[in-house]
Amino acid sequence: MVASIARGGNDSMTRSAHGKPIEILLVEDSPDDACLTIEALKDGKVRNRVSHVEDGEQALSFLRRQDCHATAPRPDLILLDLCLPRKSGREVLEEVKKDPDLKSIPVIIMTTVDDREIIRQVYSEHANCYVNKPVDLDEFINVVRSIEDFWLTIVKLPAE
């Protein structure tokens, strides 16, 4: 399943350098976490469009514009869970960072995994950021909004 949700649109919202919405690929198998993430981004400062896929194989197909994803937009940012069916988040990260066409896309790991060794490993595999998903609803929303504030308003993302 792939969902693409446009968010924002108000002229006072920040946009990419070319006036287009920021494209975000959310790779998340939990429907609840996906919904919360999308809702938290919905009312943010940045005009964005979130595409959602539920497993690692769909993520790679989307990123490579294969099969039903032939017209998929190139994401400006990837929000990636580690615990995914079919292909793990670490496998997706590894393939993204080895691909010359994809490796410049920032990958933010958003996961419940809180293991120092795994955190060290994903950074050595070139994750751009590692964030633990809080269990508390308000904290979860605050974390997603903090990601948006930093990655979509402060950081200058690479142009396609």
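Among the residues of segment 44-61, write down those that are assigned to a strand (DSSP E or B) and not hydrophobic (A, V, I, L, M, F, W, C). Show your work before the answer.
Step one: of segment 44-61, the residues assigned to a strand (DSSP E or B) are 46, 48-53.
Within segment 44-61, ASN48, ARG49, SER51, HIS52 meet the criteria.
Conditions: (1) buried (at least 21 other Cβ atoms within 10 Å of the Cβ); (2) under 11 Å from the mean Cα position of the chain (by Cα); (3) within 18 Å of ASP55 (Cα to Cα). ASP76 meets all but one. Number of the miss?
In the conditions (1) buried (at least 21 other Cβ atoms within 10 Å of the Cβ); (2) under 11 Å from the mean Cα position of the chain (by Cα); (3) within 18 Å of ASP55 (Cα to Cα), ASP76 misses (3) alone.
Determine whether segment 106-117 contains at least one residue that is in contact with a Leu (Cβ under 8 Å, 6 or more places away or on another chain), among the polar types (S, T, N, Q) and crowded, with 17+ Cβ neighbours inside 10 Å.
yes
Across segment 40-66, what is the number of residues that are farther than 23 Å from LYS156 by Cβ and among the β-branched types (Val, Ile, Thr)?
Of the residues in segment 40-66, the ones farther than 23 Å from LYS156 by Cβ are 42-43, 52-62, 64-66.
Pick out the ones that are also among the β-branched types (Val, Ile, Thr) and you get 53.
Total meeting the criteria: 1.
Are any of the residues in segment 32-43 part of a loop (DSSP other than H, G, I, E, B) and either crowded, with 21+ Cβ neighbours inside 10 Å or in contact with an Asp or Glu (Cβ under 8 Å, 6 or more places away or on another chain) (or both)? Even if it seems obvious, please write down each step before you answer.
Within segment 32-43, the subset part of a loop (DSSP other than H, G, I, E, B) is 43.
Then keep just the ones that are either crowded, with 21+ Cβ neighbours inside 10 Å or in contact with an Asp or Glu (Cβ under 8 Å, 6 or more places away or on another chain) (or both); that gives none.
Within segment 32-43, none of the residues are part of a loop (DSSP other than H, G, I, E, B) and either crowded, with 21+ Cβ neighbours inside 10 Å or in contact with an Asp or Glu (Cβ under 8 Å, 6 or more places away or on another chain) (or both).
Quick note: the coordinates plus some simple rules give every number you see, no bench work behind them. Just so it is clear, the structure is predicted and the values come from calculations on it, not from any experiment. Reconstructed Cβ throughout: ideal geometry from the backbone, glycine too, with neighbour counts over all protein chains shown.
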